[in-house]
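Data first, discussion second: the structure below is written as structure tokens.
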Amino acid sequence: MARQLTDEVWLVERPRVNVSLVDDDVLTLIDAGLPWDGPAIREAVREIGFDPDRIKRVLVTHFDLDHVGGLRAFPEAEAIHVGRADADYVRGDLTPRLSDRKRLFQRLTEFFRKPPQVPVSPVEDGETIGSFTAVHTPGHTPGHTAYYSDALDVVFAGDLVFSDGETLSLPPWYLSQNTDQLRASVSELASRLPPIEVLVSGHGEPLVSGGSQAILALAQETCGSGGNG
């Protein structure tokens with residue numbers, strides 16, 4: 001199933017993770033769910049009224065199984081965009097080491113994942129992709145990236161924050177590789193976002209209004225900073 005959030009943005013409702021479809025300059029998918037979510041995502045895209053073969057761009061917020069597992073279901077995409085520090089893992093060129101709790105979890109879930117069949121394009125901080133601007137927001141993973149579109153009035157925050165539809169919170173500490181870095185990234189995103197209403201996180205109910213203000217409030221609550229002046 002899918003739910004329309006704005007004229008150009010739909011939430012593809014999956015049980016454990018948020019996937020979104022955006023009618024940008026090209027049809028764009030934000031994250032790809034778990035490995036077994038691919039067929040359901042494609043069907044949801046059809047229900048919205050688009051041919052899933054028209055999805056030419058995937059913006060990945062970070063390397064975790066529940067965000068990259070379904071990438072192979074979209075072989076028609078021209079590129080998969082992901083933060084540089086996570087790109088080699090998504091591509092399959094690197095295997096997570098067992099050096100910390102986050103990498104251990106990623107290593108254990110690699111059994112369920114196959115690398116995508118299309119090119120993986122590393123994303124730099126500040127890069128423009130269609131109408132979206134990428135903001136490097138490390139902490140949950142080293143390459144975690146948020147994407148915002150001023151024109152479409154939406155920000156996709158990945159697992160930088162969790163949302164209940166009204167307020168934002170930090171993800172549990174044990175899910176992130178570096179919690180201090182994650183808090184700093186919340187402040188960084190708050191300082192760079194233009195006024196934006198819709199915020200979609202990787203998990204939980206999206207905010208349909210006050211998205212940038214909610215990020216700012218969380219930054220001030222958890223870090224005592226943030227804001228674009």
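The values are calculated or read from the model by the stated rules, or taken from the named source; none is laboratory data. Quantities reported herein were computed from a predicted structural model and do not represent experimental measurements. FYI the Cβ positions are ideal-geometry reconstructions off the backbone, even for glycines, and counts take in every protein chain you see.
Structural remarks
- Residue in the stretch 161-170 that is of a type in the set (V, I, T), crowded, with 18+ Cβ neighbours inside 10 Å and under 21 Å from E78 (Cα atoms) present: no
- Qualifying strands (runs of 3 or more DSSP E) (wholly inside the stretch 117-200; at least 2 residues being not hydroxyl-bearing (S, T, Y)): 120-123, 132-136, 154-158, 162-164
- Qualifying residues in the stretch 51-65 (those that are among the hydrophobic types (A, V, I, L, M, F, W, C) and at pLDDT 95 or above) - the one nearest to P138 (Cα to Cα): V60
- Some residue of the stretch 6-25 being assigned to a loop (DSSP other than H, G, I, E, B), at pLDDT below 95, within 19 Å of K114 (Cα to Cα) and in contact with a Leu (Cβ under 9 Å, 6 or more places away or on another chain): yes
- Taken together, the residues in the stretch 54-94 that are charged (D, E, K, R) and part of a loop (DSSP other than H, G, I, E, B) amount to 5.
- Being of a type in the set (K, R), in contact with a helix residue (DSSP H, G or I) (Cβ under 8 Å, 6 or more places away or on another chain) and within 20 Å of H144 (Cβ to Cβ) is a property that holds for R183.
- Answer residue from the stretch 10-23, given it is out of contact with any Asp or Glu (no Cβ under 7 Å at 6 or more places or on another chain) and more than 12 Å from F156 (Cβ to Cβ) and is surrounded by the fewest Cβ atoms within 10 Å (Cβ to Cβ) among those: P15
- Only one of the listed residues (A32, A87) is surrounded by fewer than 22 Cβ atoms within 10 Å (Cβ to Cβ), within 14 Å of the chain's Cα centre (by Cα) and under 24 Å from D125 (Cβ atoms). That residue is A87.
- Count of the stretch 172-187 residues which are within 16 Å of the chain's Cα centre (by Cα) and crowded, with 19+ Cβ neighbours inside 10 Å: 4
- Restricting the first member to the stretch 68-94 and to residues that are within 18 Å of A146 (Cα to Cα), and the second to residues that are among the hydroxyl-bearing types (S, T, Y) and surrounded by fewer than 24 Cβ atoms within 10 Å (Cβ to Cβ), the beta-carbon pairs closer than 7 Å and six or more apart or on different chains are A79/S121; I80/S121; H81/S121.
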